[in-house]
Each structure stands twice: as structure tokens, then as C-alpha cells.
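The values are calculated or read from the model by the stated rules, or taken from the named source; none is laboratory data. Keep in mind that this is a model prediction, so the values were computed, not measured. Reconstructed Cβ throughout: ideal geometry from the backbone, glycine too, with neighbour counts over all protein chains shown. In case anyone asks, the SASA skips ligands and DNA or RNA and just uses the protein heavy atoms, side chains included. Shrake-Rupley method; radii C 1.70, N 1.55, O 1.52, S 1.80 Å.
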Amino acid sequence: MAEYNDNDFGRLIHNIRKSKKIKVDALVKGLCSIKVLYGIEAGDMLPGYLLRSALIGRLGLAPEWFDNMLTFEDYEEWQLRNSLIDSLGKPDEQLLLEEYKKKYIKHNLDDVIYKKIDYENTFEISDRLRMQFYLTAKAMSTAAEGDDYKMAAAMTSDIFANNEFDIGKLYEYKLSVNELNLCIEALWHSEGKNKTIDNVMAIVDYMDKNYYDNKAKTKLYSKLVVYYCRLNESVTDITELCRMWNLCRNAVELLREDKKSYYIIELFDIQINISDRIWALIKGKNRDDFISNMIHNKQKIKLWRDILSNEYKKRGIPEFMNNDVYIYREGTAYCINDIVRARRYLLGFSRKELSDGICAEKTIEKTEQHRSSLQYNNMKSIYSRLNLPRAYQYSSLITCNIVDLEKEEEMWNLIGYGKIIKALEILSELKREVPNFQYNQQLLGRAEIIIMKSLGKISYEEALSSMIGLLELTVPLENIKKFKKNKNHGHMKNDAVNKRIYFTSAEIYCLISIGDYYSILGDYENATLYMEILYEYFVANSEQNILYGSEGVFRVLIVKYSSLLGNIGQYELSNSLADMSARLQLQLYRPQKIWWHKYNNIWNDNLKENDKEKYNSILNECAILCQIYDSEQTAKVFSEKF
């Protein structure tokens, strides 16, 4: 079994930079020095979480790839940043803006603006990134000023030198999606429509250089296209209208591929409008195949738009994008101090046992009480003893190659679509290529069990036994049962579940599968035990931001848990959980499985027998939602039911 590397983050940064052929000076310009970057890549320097996140963004990656382990000081800042983002447009936004400014803004604006910083001083780098975040939040608030976006952009680039956007300088940088959005908003709020049109199109071209991964690109590309089309709303040239149509189509396809809905209603409306305008201009004559297909597709687009829009409206969620907070949400974060305490309780260590040979017992006590933070070497040793990945930042697979992460995502999509043989091929590649860490063994082992069961190679009983074996690489199942039995006792009985136990994402996925296999085998008592613990782990706490980064695993949990509840006759609770998950997906612009939750509820309500017309109507909606975000194959299953 492989040992966790002490510098997985630095090696990941290095390998991504090399694989994408990113020049060092372009990556760090305006952010930090080349010397700092080399120190991070070599493992000689451990950057703070703000610089880690900034480098990840500059490498064209989305923060959703990563879990962050933070000291309690960093975690408090992370909490405030997320609370501030959530508050924008709400009554308490100014209070939180002022709180962030008071706690974290240490300098005047003129002292931290571009080129007035020591780029080898990581404390000053963090101060500048904090100022950028503060100005960005202020720009999105009701107290926004016209130059806030420009000043925010100036924290890490000089693209707006002399108060003008310099497109030539853009290619001197590898800017993150967050930074690019500052440029776009500064342009949008500036005067000079023609210049803005050209510059927005230049940024579209910049994003088309195959530099950003799909998760990152999807966040901004659709917005860019919407802005470009709005700036050209009075154009009458058919060639330009067709170009706009193609841009919209590409943006929609990117959203569908990544299962997101940023600006998708706006894009549908623009496509419908362009179809009508072209039809009026040609008056039905001289139609080539492209225009004929465009007119034909209008009906499908309108149907997709109406179905998706209705899902937003009936839940009271705005269907149109009214701010950019989704761009500035950060990856999932956990407080190291809380994890040490929660994991110690789960595995049954005393403080003395946990600290033995590593540090003083008093150090563990102070850490758990937020009175001090562990030194990095002690943190790694403590995490190893607690069967945790010993890194401050790691991804869905612990690997130094972003291609492995993309392969893993493709593998799970193929499993979902029933393309098992192709999924097995990718799994075999991943098992050869990624380190044999316990965390990776659990993630890939779970995929292998699901694939083998789908191919009929193993029974459900064998699948359950193998999944339990995977989980127990790091957590004895008996410890989880013991926690469930005693969770309403002891001095921590009133604490939220996620403050008393901690699971990695790999362990959560294994537990979901264990609960699901118990349910399939008719052991509803054990199935309910594990599903219930996980549900409480996610929702019975005050850290609602945790669901942003964990929405994917939470969605999988609710699919399985609501099915279980329906099977044991708890229809009302099953429907309630399905509705909650569907609402969360729409709020986070990730409506991948709302079709499933709709079907769950009509099954629970026995609509096929009680209201056949309504049943068929909802099945049709499910089929259309599958066309948008799942597959024609899944949509066909629903179409054949009515």
C-alpha cells in the first residue's frame, strides 16, 4: 500500500503546468514570484489556502475538484467569505462586508494595488487576495461603485492600466475564471459599446484556447455569450445572427455536458429570438440547411426552456441569473481542529493514544479546543494515525495528474449511462496510473464492485461484503454502529453529527453503497441505520456551505435514501427529501437529477393508479429533463411508460 506523499499539492501544480505548457511567468504574474512557485512545487514552501486556491484557478481548474483542510483561523475566514457571498442582495450584506473588512483588510487600497507588493512575501500576497475578494463582493453588493471591479482586477493584473482594457496584455497572463469575470464586469459597466463588444469577443476567444477544464470554463463561457448577444441585440446582419446562434449552441452544449444551468434560460431565449429575427429577415425564402435546422430546433429549445423554467418557478427560485456569486463560491473546506476531534471519537482513540510518539497530549487538547493549530509535520502524522489523507488539499482522486480526475468523472458518467465495458476500461487505466493510497483504493474499489455487479460477475451479497471490506480499510463498521447507538448520550450529545464524526468522500460513497445493498437485500434496519447517519451528517448542522462542494455525493445519498424510505412506506418523508435535493440542485445551477426526484414522488403517490393524466404529464417532463441533462436512452425509458 502506497504512502501518502508529503508534497502531492506541489507535484499536482507542477504536473498540470507542464502538461498544459503554461509558462511560469504567465502563471505567477501579478500573483507571486517565480521563486515562490518553485518553492511550492518542490515542497519547500507550504502556501496558505488563498494562494493555493488562486494557483488552482490560474491553472484553469474549478475549486469543486478539491477538498481543503484548513487551520481554525483559515476556516473562520472561509466561513465568513461564504456567508458574505450568500448574503449579497440580502439585508445583512453590508454588515458582513464591514465585518470582513474589519477582520481581514489590513492595508489601504493604494498600498496593495498591482506592482506595489513584495511578491516573495506570502503574507502580503494573501493580503492582496483578500482585498480583491472584498472589492469583488462590494462590487456585487447594493453598495457597488463603478470602479470596484476595475480595482479588484488591479489586485492581480495591470490589464486595466490607464483605465483602459488592454487586450494585448491579457495574453501575458493565465488568468483564473474569477479574475476574467472581474474584467468582463468592468467592461460591462464601462462606456463605449463597440469597444466592449470587441473585448468581450476577445475574452471568448481567450477562453477557447483549450486551457480551462470544463468545470471552470462552463462557469463563465455562457455568461460571456449572453453578454455578447445582448450587446448585439439590434444587429440585422444574417451572418452575425448565425454566429450568435452558434455561440449560444456551443454554450448550451457545454452546460449540458457539465450538467449545469448557468444562464441557460437566457441562452434559450436568445436562440428563440434569433430564430424569429432570421425568419423575418429571409421571409421564408433562400433557406440553407443551417437556417432550416435552426428554425426546426426552435421548437425543441422552447420546450426545453419551458420545462426547466417551470421547475425554477414552482420552487420560487429565480430562473434568470441575477448575480455572479456562483463564480466566487469556494471549494469544500473542513477545519483540521474539528476533524482531529471528530475522527478521534469515531475511531476510539484517547488523546494520549493519538499523540503517542507524535506530540504532547496537551497539543491534541489545545488543537481540539481551537486554542492552537497543529504544526504541518504533526498534522500529517496525526492524519496518518486517523487513516486520513495527509494533505491540506486533495481532489476526488489523490493524484498529480488532472487527466486522472477527468477520466474518473468520465468513468462514473459511463456507469450512469449503462456503458459498463467502456467504464471498466477506464477503471483499469486508473488502477494502473494513480497511487495505491487507501483513499484511492476505496474510490476505485467501489467503482469496480458496481461494475462487476452490473456485469453479473458477483451477487448482491458478495458486493455488500466487498464494500464493507473497502470501508474497513479506514473505519471499522462496528465503530459507526456504536456511534449510532450512543449518539444521544455523552457530553457531546447536543453537538451536530458532523462535529462528532468525520468521513472522507471515499468513505461516504462506500457507506451509501453499503446502505443501498442492505436495502436491496431487504435488510431495511441496517440500510436505514447508515443512510440516516449520512443524512444527519450533511444536514443536521449549521454549516450549510458544506453542501455546495458536496452536492454531488449528497445527491447520490438522497436518491438512495428517498428510494429506501419509499420502499418502507415512509412516502411523505421520501417526497420531502427528493424535493429538498431537487431544490438544492436548482439553487446551485446543477439540475442533473431533478427528473429522478420527480419520478420518485409520482411513484410514492401512486399516480399511475390515482391520476393517469397527471402521471403521464410528469413522465413527459422527466423525459424532457433527461434529454437536456442525462441521455436520450434514459429519456426513452420514460417515453415508453406512457
Residue in the stretch 75-93 that is in a helix (DSSP H, G or I), touching a strand residue (DSSP E or B) at 6+ places or on another chain (Cβ under 9 Å), open to solvent by 30 Å² or more (accessible area, probe 1.4 Å) and modelled with pLDDT of 85 or more present
yes
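For the structure I just gave you, tell me whether Ser33 is free of Cβ contacts under 8 Å to residues at least 24 places away in the same chain and either within 28 Å of Tyr206 (Cα to Cα) or surrounded by fewer than 21 Cβ atoms within 10 Å (Cβ to Cβ) (or both).
Numbers: free of Cβ contacts under 8 Å to residues at least 24 places away in the same chain: no; either within 28 Å of Tyr206 (Cα to Cα) or surrounded by fewer than 21 Cβ atoms within 10 Å (Cβ to Cβ) (or both): yes.
Considered against the rule, which asks whether it is free of Cβ contacts under 8 Å to residues at least 24 places away in the same chain and either within 28 Å of Tyr206 (Cα to Cα) or surrounded by fewer than 21 Cβ atoms within 10 Å (Cβ to Cβ) (or both), Ser33 comes out as no.
For the stretch 94-108, give me the residue count where each residue is loosely packed, with under 12 Cβ neighbours inside 10 Å and in a loop (DSSP other than H, G, I, E, B).
Step one: of the stretch 94-108, the residues loosely packed, with under 12 Cβ neighbours inside 10 Å are 95, 98, 102, 108.
With in a loop (DSSP other than H, G, I, E, B) added as a condition, the list becomes 108.
Adding up the residues that qualify gives 1.
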Near pairs, Cβ below 7 angstrom, 6+ apart or cross-chain, from the stretch 222-246 (part of a helix (DSSP H, G or I)) to any residue that is open to solvent by 30 Å² or more (accessible area, probe 1.4 Å) and modelled with pLDDT under 95
Tyr227/Trp188; Leu231/Lys193; Ile238/Leu281; Leu241/Val235; Leu241/Arg277; Cys242/Phe290
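To keep it simple, each residue is scored yes or no on (1) in a helix (DSSP H, G or I); (2) buried (at least 18 other Cβ atoms within 10 Å of the Cβ); (3) under 24 Å from the mean Cα position of the chain (by Cα).
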| position | (1), (2), (3) |
| --- | --- |
| Asp205 | yes, no, no |
| Glu253 | yes, no, yes |
| Ile274 | yes, yes, no |
| Ile291 | yes, yes, no |
Taking the stretch 166-184, which residues are in a helix (DSSP H, G or I), open to solvent by 10 Å² or more (accessible area, probe 1.4 Å) and modelled with pLDDT under 90?
Ile167, Gly168, Lys169
If we ask which residues in the stretch 342-371 are in contact (Cβ under 8 Å) with a residue 60 or more places away in the chain, surrounded by 15 or more Cβ atoms within 10 Å (Cβ to Cβ) and either among the basic types (Lys, Arg) or assigned to a loop (DSSP other than H, G, I, E, B) (or both), their number turns out to be 2
Kindly list the number of the only condition in (1) more than 23 Å from the chain's Cα centre (by Cα); (2) within 30 Å of Gln633 (Cβ to Cβ); (3) of a type in the set (A, V, I, L, M, F, W, C) that fails for Leu386.
(2)
If I filter the stretch 268-279 for residues that are touching a helix residue (DSSP H, G or I) at 6+ places or on another chain (Cβ under 8 Å) and closer than 30 Å to Glu408 by Cα, do I get at least one hit?
no
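Okay, residues lined up against (1) open to solvent by 10 Å² or more (accessible area, probe 1.4 Å); (2) more than 19 Å from Ala333 (Cβ to Cβ); (3) assigned to a loop (DSSP other than H, G, I, E, B); (4) at pLDDT 90 or above:
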{"site": "Asn479", "(1), (2), (3), (4)": "yes, yes, no, yes"}
{"site": "Lys484", "(1), (2), (3), (4)": "yes, yes, no, no"}
{"site": "Asn494", "(1), (2), (3), (4)": "yes, yes, yes, no"}
{"site": "Cys510", "(1), (2), (3), (4)": "no, yes, no, yes"}
{"site": "Tyr518", "(1), (2), (3), (4)": "yes, yes, no, yes"}
{"site": "Leu529", "(1), (2), (3), (4)": "yes, yes, no, yes"}
{"site": "Asn541", "(1), (2), (3), (4)": "yes, no, yes, no"}
{"site": "Leu557", "(1), (2), (3), (4)": "no, yes, no, yes"}
{"site": "Lys560", "(1), (2), (3), (4)": "yes, yes, no, yes"}
Is it the case that the stretch 543-553 has a residue that's at pLDDT 90 or above and among the charged types (D, E, K, R)?
no
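Kindly provide the set of residues from the stretch 311-329 that are open to solvent by 30 Å² or more (accessible area, probe 1.4 Å) and touching a residue at least 24 places away in the same chain (Cβ under 8 Å), ordered by number. Before you say what the answer is, go through the steps one by one.
Filtering the stretch 311-329 down to residues open to solvent by 30 Å² or more (accessible area, probe 1.4 Å) leaves 313-316, 318-320, 322-323, 329.
Within the stretch 311-329, Arg315, Glu319, Phe320, Asn322, Asn323, Arg329 qualify.
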Return only the number of the condition from (1) of a type outside the set (A, V, I, L, M); (2) under 29 Å from Ile480 (Cα atoms); (3) part of a helix (DSSP H, G or I) that Lys598 does not satisfy.
(2)
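Among the residues of the stretch 312-327, is any among the polar types (S, T, N, Q) and in a helix (DSSP H, G or I)? Spell out the reasoning first.
Step one: filter the stretch 312-327 for residues among the polar types (S, T, N, Q), giving 322-323.
Now drop any that are not in a helix (DSSP H, G or I), which leaves none.
So far as the stretch 312-327 goes, no, none of its residues is among the polar types (S, T, N, Q) and in a helix (DSSP H, G or I).
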If Ser384 passes every condition in (1) assigned to a helix (DSSP H, G or I); (2) open to solvent by 40 Å² or more (accessible area, probe 1.4 Å); (3) without any contact (Cβ under 8 Å) to a residue 24 or more places away in the chain but one, which one does it miss?
(3)
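Being hydroxyl-bearing (Ser, Thr, Tyr) and touching a residue at least 12 places away in the same chain (Cβ under 8 Å) is the filter here; which residues of the stretch 605-630 pass it?
Our first condition is that a residue be hydroxyl-bearing (Ser, Thr, Tyr); within the stretch 605-630, this holds for 615, 617, 629.
Tyr615, Tyr629 - these are the residues of the stretch 605-630 that are hydroxyl-bearing (Ser, Thr, Tyr) and touching a residue at least 12 places away in the same chain (Cβ under 8 Å).
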Inside the stretch 585-595, the number of residues satisfying the requirement of being assigned to a helix (DSSP H, G or I) and either free of Cβ contacts under 8 Å to residues at least 60 places away in the same chain or aromatic (Phe, Trp, Tyr) (or both) is 2
Return the residues of the stretch 546-597 that are over 17 Å from Cys626 (Cβ atoms) and of a type in the set (S, T, N, Q); say none if nothing qualifies.
Ser550, Ser562, Ser563, Asn567, Gln570, Ser574, Asn575, Ser576, Gln587
What number of residues in the stretch 419-455 are farther than 22 Å from Gly515 by Cβ, of a type outside the set (Val, Ile, Thr) and open to solvent by 40 Å² or more (accessible area, probe 1.4 Å)?
12
Can you find even one residue in the stretch 419-436 that is at pLDDT below 90 and assigned to a helix (DSSP H, G or I)?
no
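Looking only at the stretch 621-642, count how many residues are buried (at least 17 other Cβ atoms within 10 Å of the Cβ) and either within 25 Å of the chain's Cα centre (by Cα) or among the polar types (S, T, N, Q) (or both).
Of all residues in the stretch 621-642, those buried (at least 17 other Cβ atoms within 10 Å of the Cβ) come to 621-630, 634-635, 638.
Keeping just the survivors that are either within 25 Å of the chain's Cα centre (by Cα) or among the polar types (S, T, N, Q) (or both) gives 622, 624-630, 634.
Qualifying residue count for the region: 9.
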Going by the conditions given, is Asn214 surrounded by fewer than 24 Cβ atoms within 10 Å (Cβ to Cβ), under 26 Å from the mean Cα position of the chain (by Cα) and among the polar types (S, T, N, Q)?
yes
So which pairs qualify, if the first residue must be in the stretch 404-426 and on the phi > 0 side of the Ramachandran plot, the second must be modelled with pLDDT under 90 and assigned to a helix (DSSP H, G or I), the Cβ gap must be under 8 Å, and the two must be at least 6 apart or on different chains?
Gly418/Gln633
Ser309 vs (1) part of a helix (DSSP H, G or I); (2) over 30 Å from Pro591 (Cβ atoms); (3) touching a helix residue (DSSP H, G or I) at 6+ places or on another chain (Cβ under 8 Å): all pass except (2)
I'm told Gly60 meets every condition in (1) under 17 Å from Asp127 (Cβ atoms); (2) open to solvent by less than 20 Å² (accessible area, probe 1.4 Å) except one. Can you identify the failing condition by its number?
(1)
